[in-house]
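The next block holds one structure in the form of structure tokens; read it before the comments.
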Amino acid sequence: MRKKIVAGNWKMNLDYNEGLSLFSEIANMVKDEVTGQQQAVICSPFIHLHSLVQLAKGYDKIAVGAQNAHQNESGAYTGEVSAKMIRSTGAAYVILGHSERRQYFGEDNQLLAAKTDTVLKNGLKPIFCIGETLDEREAEQHFDVIKTQLQEGLFHLSTEEFGQVVLAYEPVWAIGTGKTATAEQAQEIHAFIREQIANQYNQQVADDTTILYGGSANPKNAPELFAQPDIDGGLIGGASLKSRDFLDIVKVFN
Ligand code: PGA
């Protein structure tokens, strides 16, 4: 059975001490309150990673991830952080292709394919984000956009490599806007994604792939979203900065 995951994306929030204290709070709540097999993941800024991994030791239901990694192994790329460096902190996941990276940093599917390769080579699991903009949805191009993002970003992977990937469907119009996709809209795309995976690989691979929903998810709407057959958890922005809200979302799978 595929894994249920609720991942928090802190984005560019929380200084070092604030991050450590929020993570400690979350880790303790996970320990006390999570009774199911789901995993909580916190994707923090790079500066927190090593310390969060230390705090997470001894807790099996919480893991740590980064929010980006460079496509090259090392070299003269001032200001960048490599997948190997991330792995050396003990972090397990890396978000790739978040719409903010695509929009503000010009990351396209080709670059993301290269980043995915490097991340996998270094033993990290990508949380690979896909999703359409509002214009694309209004023009009824959302299925095509998703299909292209999958084909160009991920479908060069071998079956074994693809098995390491977590997907996140994040309609861009729902991110940070308070406008969540309805459970039906999200389920429709998640089922479509799973169908594309089955076509490219096989049904077993498709059935084993964890597909998260992201975009204004909160404790109120998460139960209905996570009850959909093809939604295996969430990628949570705003609500992951509040320990109570984040935990209540994680606990939907209890
Ligand atoms: P949001 O962000 O939950 O604040 O909408 C989700 C994301 O960007 O991953």
From the list ALA191, ALA186, ALA198, ALA206, which residue is more than 26 Å from PHE23 (Cα to Cα), within 14 Å of the ligand (Cβ to nearest atom), small (Gly, Ala, Ser) and assigned to a helix (DSSP H, G or I)?
-> ALA186
Just one of ALA63, ALA83, ALA40, ALA92 is at pLDDT 95 or above, within 16 Å of the ligand (Cβ to nearest atom) and closer than 25 Å to GLU170 by Cβ; which is it?
-> ALA40
Of all residues making up segment 211-253, the number that are within 15 Å of the ligand (Cβ to nearest atom), out of contact with any Asp or Glu (no Cβ under 7 Å at 6 or more places or on another chain) and of a type in the set (A, V, I, L, M) | 9
Just need a number here: residues in segment 227-238 that are free of Cβ contacts under 8 Å to residues at least 60 places away in the same chain and of a type outside the set (D, E, K, R).
-> 4
Could you tell me whether any residue of segment 77-98 is over 22 Å from ALA40 (Cα atoms), outside any loop (DSSP other than H, G, I, E, B) and of a type in the set (D, E, K, R)?
-> yes
Result of the Cβ filter at 8 Å on segment 1-14, keeping first residues that are in a loop (DSSP other than H, G, I, E, B) and crowded, with 18+ Cβ neighbours inside 10 Å and partners that are modelled with pLDDT of 95 or more and of a type in the set (A, V, I, L, M), at least 6 apart or interchain, is TRP10/ILE42; TRP10/LEU241; LEU14/LEU22; LEU14/LEU241
Quick one: in segment 114-134, which of the residues that are in a loop (DSSP other than H, G, I, E, B) and within 14 Å of the ligand (Cβ to nearest atom) is farthest from HIS190 (Cα to Cα)?
-> THR133
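The values are calculated or read from the model by the stated rules, or taken from the named source; none is laboratory data. Note that the coordinates shown come from a computational prediction; the quantities given were computed from them, not determined experimentally. A quick note on method: Cβ atoms are made from the backbone with ideal geometry, for glycine too, and the neighbour counts reach across all protein chains shown.
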